[in-house]
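Structure first, then comments.
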Amino acid sequence: MEVSANNFDRLWEECKNDYIAAVAQVGESGWYILGRQVDAFEKDLAAWCGRNTAVGCGNGMDAMEIALRAAGIGCGDRVLTTPLSAFATGLAILRTGAEPAYCDTDEHGLLDPDAAEAALAADSSIRAIIPVHLYGQLADMPRFTAMAAARGITVIEDAAQAIGARRGGRGVGADGHPVAFSFYPTKNLGAIGDGGALLPAHADMDELARSIRNYGQSERYVHEIVGLNSRLDELHAATLRLAFLPRLESWLDRRREIAAAYLSGIDTPHVTLIPGPDPKAAGWHLFPVLVAPERRAALLNHLKQNGIQGGLHYPVLIPEQKAMTDRGAPVIHGTLSNARRFAQGEVSLPIHPYLTEAEVNHVVETVKDWNG
Ligand SMILES: Cc1ncc(COP(=O)(O)O)c(C=O)c1O
């Protein structure tokens, strides 16, 4: 049996009629950039997230950069974030001209609020915090909101992996912070191509974000700021809205079912499960487990021998990537010991809405069979 990390064949089989109908609508409309489809998707996405507006853009990294810039972050500012994330999180900070600063994660692999408090106390140049909702688990937003409010700094949620995730009854963006989403194909809401969106915190930020994504234009042929070309395509907006967003809730339910089956079924001393802070409500974009660093290759190999594709999220911490170290010593507050445990010992098991029961059982049995 082959169990891959994603199964786009099954996704296409289920969604293709809606997808092709959406493509036809765009083709027939004769309007391909920033038209009715983007407008309609932005409205539906904002409503789905319980927010007033959304701004579609080219990808999740641009959504982060635009959110940071629209929140006033730029040269001379420091932005505190987790070292354990997709490199795009750090890169988006750099692209604004700001400098990333890092502190450790907690036992779930999420930015640790205690470490963040200590970093803020030690470093008054930090102007923003980016908690990343890694693996589809929500970071401790009440704590981050409170510590940022106490210092008058900004919080921006990197929710690339966490659309629809909840923790303690509260969803992504519940505190009104700017939020960035990615619609990279593997994400919980994925396009067939690149896409992203941000949820602005207020009307001025919305206006600025719309300008930044479109060459910094305030009105036609008037460029008051240096912007990007980072627009969500009409095609992606239409297909996301008509083929994928209506399925998102049931996809999330299925991810949660699979996570529950793994959490209850994988019972072995060689593997540490990471249930996260609210396993029943998380977005379960990925299903991480931890093993002894020196045994990780053996587990990946055991999975492979049994037809299962394991993943690593993420094997190199962002501040340890050459692109970061080449710029000088990265700003690190405290130790990164929890984050490093994940970088060295994490393995992601397949989790996606099109896994069958037999495949889920095969993953459970294969991991249980591994003798460490
Ligand atoms: C946590 C996180 N942030 C940002 C991004 C960037 O998103 P994109 O690939 O759409 O630019 C990703 C996706 O790769 C991600 O997982």
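The values are calculated or read from the model by the stated rules, or taken from the named source; none is laboratory data. Keep in mind the model is a prediction, meaning the values are calculated, not measured. As a convention, Cβ positions derive from the backbone with ideal geometry for all residues, glycine included, and neighbour counts pool all protein chains shown. The accessibility values were calculated without ligands, DNA or RNA, using every heavy atom of the protein model including side chains. Shrake-Rupley method; radii C 1.70, N 1.55, O 1.52, S 1.80 Å.
Can you pull out the residues in segment 190-211 that are within 11 Å of the ligand (Cβ to nearest atom), open to solvent by less than 40 Å² (accessible area, probe 1.4 Å) and in contact with a Gly (Cβ under 9 Å, 6 or more places away or on another chain)?
Those that are within 11 Å of the ligand (Cβ to nearest atom), open to solvent by less than 40 Å² (accessible area, probe 1.4 Å) and in contact with a Gly (Cβ under 9 Å, 6 or more places away or on another chain): GLY195, GLY196, ALA197.
Just checking, how many residues over segment 50-76 are open to solvent by less than 30 Å² (accessible area, probe 1.4 Å) and free of Cβ contacts under 8 Å to residues at least 60 places away in the same chain?
1
Which ones in segment 148-185 are more than 14 Å from the ligand (Cβ to nearest atom), outside any loop (DSSP other than H, G, I, E, B) and surrounded by 17 or more Cβ atoms within 10 Å (Cβ to Cβ)?
Within segment 148-185, ALA148, THR154, VAL155, ARG166, ARG167, GLY171 meet the criteria.
Looking only at segment 337-372, count every residue that is modelled with pLDDT of 95 or more and open to solvent by 20 Å² or more (accessible area, probe 1.4 Å) and tell me the total.
15
Only residues in segment 29-41 that are β-branched (Val, Ile, Thr) count as the first member; pair them with residues that are open to solvent by 20 Å² or more (accessible area, probe 1.4 Å) and modelled with pLDDT of 95 or more, Cβ under 9 angstrom, at least 6 apart or cross-chain, and list the lot.
From segment 29-41, the pairs are ILE33/ARG231; ILE33/ASP233; VAL38/ARG231; VAL38/ASP233; VAL38/HIS236.
Quick one: THR366 ticks every box in (1) among the hydroxyl-bearing types (Ser, Thr, Tyr); (2) over 16 Å from GLY265 (Cα atoms); (3) in contact (Cβ under 8 Å) with a residue 12 or more places away in the chain bar one, so which box is it?
So the condition that THR366 fails would be (2).
Please work out which residue is most open to solvent (accessible area, probe 1.4 Å), limiting yourself to segment 14-47 and to residues that are within 23 Å of the chain's Cα centre (by Cα) and farther than 16 Å from HIS236 by Cβ.
Here the residue is ALA47.
Quick check on my filter: what residues within segment 5-30 are small (Gly, Ala, Ser) and not in a helix (DSSP H, G or I)?
ALA5, GLY30
Being open to solvent by less than 20 Å² (accessible area, probe 1.4 Å) and of a type outside the set (A, V, I, L, M) is true for just one of PRO319, PRO330, PRO315, PRO293. Which residue is that?
That would be PRO319, the only listed residue that is open to solvent by less than 20 Å² (accessible area, probe 1.4 Å) and of a type outside the set (A, V, I, L, M).
Could you grab the pairs with beta carbons closer than 6 Å, sequence gap of 6+ or different chains, first residue in segment 325-336 and modelled with pLDDT of 95 or more, second one hydroxyl-bearing (Ser, Thr, Tyr)?
Qualifying pairs under 6 Å: ILE332/TYR102.
Would you be able to say whether some residue in segment 277-290 is without any contact (Cβ under 8 Å) to a residue 40 or more places away in the chain and open to solvent by less than 60 Å² (accessible area, probe 1.4 Å)?
Checked against the condition, which is being without any contact (Cβ under 8 Å) to a residue 40 or more places away in the chain and open to solvent by less than 60 Å² (accessible area, probe 1.4 Å), segment 277-290 yields at least one hit.
So TYR262 passes all but one of these: (1) under 26 Å from PHE181 (Cα atoms); (2) under 23 Å from the mean Cα position of the chain (by Cα); (3) not polar (S, T, N, Q). Which condition number does it fail?
(1)
I need a count of the residues in segment 186-222 that are assigned to a loop (DSSP other than H, G, I, E, B) and farther than 22 Å from ILE153 by Cα.
14
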